[in-house]
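Here is the structure we will look at, set down as C-alpha cells.
Rule-based calculations on the coordinates, nothing more; no lab input. Every value quoted in this text rests on a predicted model; they were computed, and no experiment measured them. As a convention, Cβ positions derive from the backbone with ideal geometry for all residues, glycine included, and neighbour counts pool all protein chains shown.
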C-alpha cells in the first residue's frame, strides 16, 4: 500500500485535537491539545466534480470525525490514537487510503514528538472492532 503525493488527495494541516493521552495516569488526567495533519486519498479522482461537494470528501466533516474520535477515548499512546483516527476516517468516507500524522507537545526542549500512520481500506477490514479501553 503506497499512496503518492502525485495522486489526487485532500490535506488538512494543523488540525487541533483535544485528547486525554499519555502513559502516566497524571498525564492522561488533563486533556491535551495535539495537532494532526491528515491526508485523504479518495476512491475517485478529484476531477469532473462539477463544483459539487457530493463528488468529493467533505473535509469539514472529516475534521469533525477526527475531533469526535479523539475526544471519545483515553489513550496511552499517540500511535493508538493515530490508528483509531485512520479507521474512523476510512469507515466514514469513500477513501482508498488515509495518512494521519500527530504531533504532541510534551518533551522539554523539543518542538514536538510525532507519529505518522498510513492505512488503506484493506487495513480497515482487518482492524480490531473495538476501541482501546478507557483508563
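Here each label is just a point 7 Å from Cα along the line to Cβ, and for residue 68 and residue 6 those points are 3.7 nm apart. Between rounded, prolate and oblate, where does segment 1-57 land on the alpha carbon gyration tensor, with a ≥ b ≥ c its root eigenvalues, rounded for a/c under 1.5, else prolate if a/b exceeds b/c? Prolate, because a/c is 1.5 or more and a/b exceeds b/c.
Against the empirical 2.2 N^0.38 Å (N residues), the chain has a Cα radius of gyration ratio of 1.08.
Largest GNM mean-square fluctuation among 81, 124, 102, using the chain with Cα springs under 10 Å: 124. Taking the C-alpha atoms only, the angle from helix 78-92 to the longest principal axis of the chain is near 30 degrees.
Ranked by the mean number of other Cβ atoms within 10 Å of their residues, highest first, the peptides 25-35, 83-93, 111-121 come out as 83-93, 111-121, 25-35. The Cα atoms of segment 38-79 define a convex hull whose projected area, averaged across directions, is 3.9 nm².
Potential lengthening of the chain between residue 77 and residue 44 amounts to 8.6 nm, from the contour at 0.36 nm per residue minus the alpha-carbon distance.
Using the beta-carbon distance between residue 125 and residue 53 and R0 = 25 Å, what value does 1/(1 + (r/R0)^6) give for FRET efficiency, to the nearest 0.05? Don't skip to the end; give the middle numbers.
Values: r = 27 Å, r/R0 = 1.09.
Efficiency computed from Cβ-Cβ geometry: 0.40.
Note on residue 111 and residue 37: their simple-model spin labels are 0.9 nm apart, each label 7 Å out from Cα toward Cβ.
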